[in-house]
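Taking it in order: structure first as structure tokens, then the write-up.
The values are calculated or read from the model by the stated rules, or taken from the named source; none is laboratory data. On a predicted model such as this, the values are computed, not experimentally measured, just so you know. So basically every Cβ, Gly included, is an ideal-geometry build from the backbone, and we count neighbours across all protein chains shown. In case anyone asks, the SASA skips ligands and DNA or RNA and just uses the protein heavy atoms, side chains included. Shrake-Rupley method; radii C 1.70, N 1.55, O 1.52, S 1.80 Å.
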Amino acid sequence: MNKIEHLGIAVKNLEAANEIYTKLLGYQPYKTEGVASEGVNTSFFTCGESKIELLEATTKESPIAKFIEKRGEGIHHIAFSVVDIKAEMCRLEKEGFVLLNQEPKKGADNKLVAFLHPKSSNGVLVELCQDIAE
Ligand code: ZN
């Protein structure tokens with residue numbers, strides 16, 4: 001793991017949350033992006049070497065909708081930057097972590113991503129992300 005790539009925050013309304021985080025950080029998000037396969041709209045703010053990702057559900061079946069229903073708005077996941085996502089997935093599985101996807105998938109912000117089940121990491125959903133080479 002290199003660094004915390006971003007913190008994911010589940011929000012009910014992306015537009016309203018963008019305004020709040022713009023005020024909080026003092027600048028606008030650098031991008032907003034929908035990820036249809038995950039049923040989310042996202043926006044990203046830089047914060048030093050890391051980022052803040054705001055996530056809004058676009059469908060009732062979206063993991064973000066389910067999260068907010070259960071736990072309300074708040075921190076949803078921690079994403080760590082990795083150089084070789086497949087190698088990290090393999091290493092972590094051997095260490096006993098539960099992978100939520102067996103193959104890396106295309107996530108927001110030009111990344112390959114994989115998730116670890118919160119039950120294997122003290123209640124925190126962990127995302128691994130690797131930059132997709134351009
Ligand atoms: Zn994320």
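Points to keep in mind about this one:
- In the condition set (1) of a type outside the set (G, A, S); (2) open to solvent by 50 Å² or more (accessible area, probe 1.4 Å); (3) within 15 Å of the ligand (Cβ to nearest atom), P29 is compliant with all but (2).
- Scanning segment 119-133 for residues that are outside any strand (DSSP E or B) and touching a residue at least 12 places away in the same chain (Cβ under 8 Å), we see that the one that is most open to solvent (accessible area, probe 1.4 Å) is K119.
- From the list V11, V82, V35, the one residue that fits, being farther than 29 Å from E134 by Cα and buried (at least 18 other Cβ atoms within 10 Å of the Cβ), is V11.
- Taking strands (runs of 3 or more DSSP E) as the structural unit, those lying wholly within segment 1-98 and holding at least 2 residues that are under 20 Å from S120 (Cα atoms) correspond to 4-11, 74-81.
- Long-range neighbours under 9 Å by Cβ, at least six apart or interchain, first residue touching a residue at least 12 places away in the same chain (Cβ under 8 Å) and away from the ligand (no atom under 16 Å from the Cβ) within segment 71-96, second part of a helix (DSSP H, G or I) and of a type in the set (S, T, Y): L92/S120; G96/S120
- Filter pass, D109 being modelled with pLDDT under 95, exposed (fewer than 15 other Cβ atoms within 10 Å of the Cβ), within 16 Å of the ligand (Cβ to nearest atom) and of a type outside the set (A, V, I, L, M): no
- Subset of segment 47-64 [under 14 Å from the mean Cα position of the chain (by Cα), more than 13 Å from the ligand (Cβ to nearest atom) and surrounded by fewer than 21 Cβ atoms within 10 Å (Cβ to Cβ)]: S62
- Scoring G72 on the criteria (1) farther than 17 Å from E5 by Cβ; (2) in contact with a strand residue (DSSP E or B) (Cβ under 7 Å, 6 or more places away or on another chain); (3) open to solvent by less than 50 Å² (accessible area, probe 1.4 Å) leaves a single failure, condition (2).
- Enumeration of residues in segment 35-53 that are of a type in the set (G, A, S) and either more than 20 Å from N13 (Cβ to Cβ) or in contact with a Ser or Thr (Cβ under 7 Å, 6 or more places away or on another chain) (or both): S37, G39, S43, G48, S50
- Any hit, segment 8-28, residues being of a type outside the set (A, V, I, L, M, F, W, C) and within 15 Å of the chain's Cα centre (by Cα): yes
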